[in-house]
Each structure stands twice: as structure tokens, then as C-alpha cells.
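The structure appears below as C-alpha cells.
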Amino acid sequence: MPPAPTSVSASSTFVSQPQCGNPRGIHARATDHAVRRFAKRTVGVIVDEGMDDTAALAELGRRGVNVRWVRQTLSKFGGIGVANQAQAVIVNGLKLVIRSGAVVTVLAKNQMREPRAPDEAPAPTARCVLHADYRP
């Protein structure tokens, strides 16, 4: 049986646009906060929450996190969202939140949990494609 006709005109219905990728190589700006949250939620390197983001990045660098590489990677994947005018990009279980052309934070469904004591801290391991090349 054919579907019943609707009273909604075709021009008022939502038509999803396919993503066009990033053919022009647009990059998003990765904020200090996004880099900090990436390190916390995916690599498991936690710094004092009382520190501002700039001081936290310096501490992450001292702990062996390649901050420059993380920023470049977030910028590259965030650029896909900027090129497609998206508010977020999901890559391997990570949600990169985009505002005004910048990756402002990183959310993870299965994030690394904070250790109870410093001696119980797990070693950083690759947990997703964004830091598959991560070497502590």
C-alpha cells in the first residue's frame, strides 16, 4: 500500500546535507582548555584543577605529553567540523566541541578515571586514533 500523502510541503522538510570532508585543508584553532581536557580524558594525565590552562599545559609538557602534537591533531580533526559548519566532531569515541572556529573542549564517553593516589596512576596508553602515536 503506498504511503498516505502529507500536507507538509517538500520545501519545508529538512534535508540532510552530506559532509563534504575537508577538501581545502581548513584547520580549527585548538584552545589550551581542549588540549588539557584531551590529556585528562583520553591519555589519563591529570593536573591540578586549580591551575589555569596555560600553567596546566606547561605541567603536561613536564610530564611528557607532546602538547604540540595534541594541539595539531585536535586542529586537524576540528577542521573537518569547521569546514562543514558543525558544532562538534566525533572521532573514535571523542567529541570535539567547536565554537567560532575553535575546538574548545574534548568529551569522552569512556574516559580514563582519576586515580585515587599518585602511586596508583596507570601508565599513559593509546586509547583512540587521535593519540595512537602517543609515546610517553
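The values are calculated or read from the model by the stated rules, or taken from the named source; none is laboratory data. Predicted, not measured: the structure shown is a model, and the values here were computed from it. Ideal geometry is used to build each Cβ from the backbone, glycine not excepted, and the neighbour counts take in all protein chains shown. Keep in mind that these areas ignore ligands, DNA and RNA; they rest on the heavy atoms of the full protein, side chains included. Shrake-Rupley method; radii C 1.70, N 1.55, O 1.52, S 1.80 Å.
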Environment charge of VAL82, counting only residues whose C-beta is closer than 13 Å and scoring Lys/Arg +1, Asp/Glu -1: +4
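If you roll a 1.4 Å probe over region 15-93 with all protein chains in place, what percent of the accessible area is carbon or sulfur?
Taking all protein chains in place, region 15-93 shows 50 percent carbon and sulfur surface.
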Cα-based Rg and Dmax for region 19-105, where Dmax is the largest Cα-Cα distance (Å): 13.0, 41
Residues whose placed amide H lies under 5 Å from that of VAL103, excluding near-sequence neighbours: ARG29, ALA30, THR31
